[in-house]
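The values are calculated or read from the model by the stated rules, or taken from the named source; none is laboratory data. All values reported here derive from a predicted model rather than from experimental measurement. A quick note on method: Cβ atoms are made from the backbone with ideal geometry, for glycine too, and the neighbour counts reach across all protein chains shown. Just the protein is used for accessible areas: all its heavy atoms, side chains included, with ligands, DNA and RNA removed. Shrake-Rupley method; radii C 1.70, N 1.55, O 1.52, S 1.80 Å.
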Amino acid sequence: MARKGDKPKRGNGRGSIRRLTSGRYQWRATVELPNGEVQRVSGTADTKTEAEEALSQVRTDVRRGQFTVTPQTTLKEYVLAWHDLRRDAQAAKYSHGQKNMIDTHIVPALGGRKLASITPRDLEVFYLELQHRDERRTKTLGKPLSDSMKRQVHNIMRQVFAEAVRHGDLLRNPADVVRPRYTREAAQDETSKAWTEEEAGRFYAVARQDRRGVAFCFMLSTGMRIGETLGLRWENVDVENGLVHVREALVSLSGKAHRTTPKTARSRRTIRVSGDALTILRDMPGQVQLDREAQGVRYVGSDAVFTTSRGLPILPDNVYKLMQALCKKAGVTYKGTHVLRHSFISIHGQKGQAVEVISAHVGHARASFTQDRYRTVFQKEREALTLDFAPLTKDSEEEV
């Protein structure tokens, strides 16, 4: 029997309410999380009824095993847990890049703030102050982050807050109200991301003569991503029927090779190759034999289709200098390796191929994405588009 003066014990999450000198009501509760950890939570409300409702919500969350966010939860704690839960379902390169964005930009700027305290104004200031922080790249260090990277940071913030709203941890998503501003330079940038057919032809002729450059030719001919091309293994190639099964990609994570799943669900596909692209595949075993003889005991070998002279897979990080050299020799502007994919899509579009067919071939999730992000309309296509009504009005003028 409880003695007089003893306070009755409250159940898990039951808590207590008391009135403050300010007239507001403070509620407190001690809850046991699913992992066994005991956590004290509290808050204030304008009325006793609101305080009781807050305690009731705590009890409901405890019963459902969903009580994870408290008024003290910081953005750093929440965003790291959010990313960790999704890591296994994401492509390794994408997950690695997302984590880098979180560690480099989000956590240092807002990580210590309480999740529930971040406002649209805070995000607006955060986006304006985003800048390059990679000390290895002295040319860009301290300069404003590109619009593309700002969008990536914003997408993370929007998804994180949307998750909190969906679970009832926040009432609204501050990232729905504000987004990064485009820079004046970016808004005026009309630089084409693709080569014209003539430029692509000049590059192809030069790269076809290079031992490793043939991988670029294969990408330009098929529209495959660089990771898909360099990650291609012979077990996924049917030379006799001209079929390539895209089942994995090779990416560089912190300078080390890593095999991962294709970028999206539709990226896992089978494409048919013909022409010189098929000739490249048929010629590779002969090239391997020449490399083996030239390297002797230094030859290592692997099951990769496109390899170094020692038979090892080519790392995506190791092709940029070669690409720049080949572009210079061909007399075309270097635009990164992704120009090969942009050019494949845009040249096919110029020739009248349906965008939904191109999109399915290159493994995009939506045809609209292919059209908006990859399809370059060349100046040549825009020539002679002026409507000439003179022939139609000539007879009318003669009658008058």
- Condition check for Leu85: surrounded by fewer than 11 Cβ atoms within 10 Å (Cβ to Cβ), within 30 Å of Arg268 (Cα to Cα) and at pLDDT 75 or above: yes
- For segment 332-342, state whether one or more residues are touching a Gly at 6+ places or on another chain (Cβ under 8 Å) and surrounded by fewer than 19 Cβ atoms within 10 Å (Cβ to Cβ). no
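Quick grid of which residues meet (1) closer than 25 Å to Asn241 by Cα; (2) in contact with a Gly (Cβ under 8 Å, 6 or more places away or on another chain):
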residue: Arg266; (1), (2): yes, yes
residue: Ala277; (1), (2): yes, no
residue: Arg282; (1), (2): yes, no
residue: Ala294; (1), (2): no, no
residue: Arg298; (1), (2): no, no
residue: Phe306; (1), (2): yes, no
residue: Ser309; (1), (2): no, no
residue: Asn318; (1), (2): no, no
- Query: In segment 343-367, which residues are farther than 18 Å from Thr229 by Cβ and open to solvent by 50 Å² or more (accessible area, probe 1.4 Å)?
  - Reply: Gln350, Lys351, Gly352, Gln353, Glu356, Val357, Ala365, Arg366
- Query: Within segment 110-122, can one find any residue that is open to solvent by less than 40 Å² (accessible area, probe 1.4 Å), outside any helix (DSSP H, G or I) and in contact (Cβ under 8 Å) with a residue 24 or more places away in the chain?
  - Reply: yes
- Message: Take the conditions farther than 19 Å from Arg269 by Cα, part of a helix (DSSP H, G or I) and modelled with pLDDT of 90 or more and apply them to Gly336. Does it pass?
- Response: no
- Message: From the list Asp317, Asp303, Asp372, exactly one residue is in contact with an Asp or Glu (Cβ under 7 Å, 6 or more places away or on another chain), more than 23 Å from Arg202 (Cα to Cα), of a type outside the set (Gly, Ala, Ser) and surrounded by fewer than 16 Cβ atoms within 10 Å (Cβ to Cβ). Which is it?
- Response: Asp303
- Restricting segment 58-82 to residues that are open to solvent by 50 Å² or more (accessible area, probe 1.4 Å) and at pLDDT below 80, the one farthest from Lys263 (Cα to Cα) turns out to be Arg59
- If you go through segment 125-158, how many residues are under 18 Å from Arg179 (Cβ atoms) and in a loop (DSSP other than H, G, I, E, B)? 4
- Message: Looking at the structure I just gave you, is Ser95 of a type in the set (S, T, N, Q), free of Cβ contacts under 8 Å to residues at least 40 places away in the same chain and in contact with a helix residue (DSSP H, G or I) (Cβ under 6 Å, 6 or more places away or on another chain)?
- Response: yes
- Query: Does segment 250-273 include one or more residues that are open to solvent by 40 Å² or more (accessible area, probe 1.4 Å) and modelled with pLDDT of 95 or more?
  - Reply: yes
- Item | Among the candidates Arg310, Arg282, residue that is assigned to a loop (DSSP other than H, G, I, E, B), of a type in the set (D, E, K, R), surrounded by fewer than 15 Cβ atoms within 10 Å (Cβ to Cβ) and in contact (Cβ under 8 Å) with a residue 12 or more places away in the chain | Arg310
- Query: Any residue in segment 173-184 that is at pLDDT below 80, of a type in the set (S, T, N, Q), surrounded by fewer than 19 Cβ atoms within 10 Å (Cβ to Cβ) and in a loop (DSSP other than H, G, I, E, B)?
  - Reply: yes
- Task: Name the strands (runs of 3 or more DSSP E) wholly inside segment 199-260 in which the number of residues that are of a type in the set (A, V, I, L, M, F, W, C) and closer than 25 Å to Gly349 by Cα is 1 or more.
- Result: 243-246
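Conditions (1) over 26 Å from the mean Cα position of the chain (by Cα); (2) modelled with pLDDT under 85; (3) open to solvent by 20 Å² or more (accessible area, probe 1.4 Å); (4) among the charged types (D, E, K, R), marked per residue:
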site: Arg19; (1), (2), (3), (4): yes, no, yes, yes
site: Ser56; (1), (2), (3), (4): yes, yes, yes, no
site: Ala89; (1), (2), (3), (4): no, yes, yes, no
site: Lys93; (1), (2), (3), (4): no, yes, yes, yes
site: Val125; (1), (2), (3), (4): no, no, yes, no
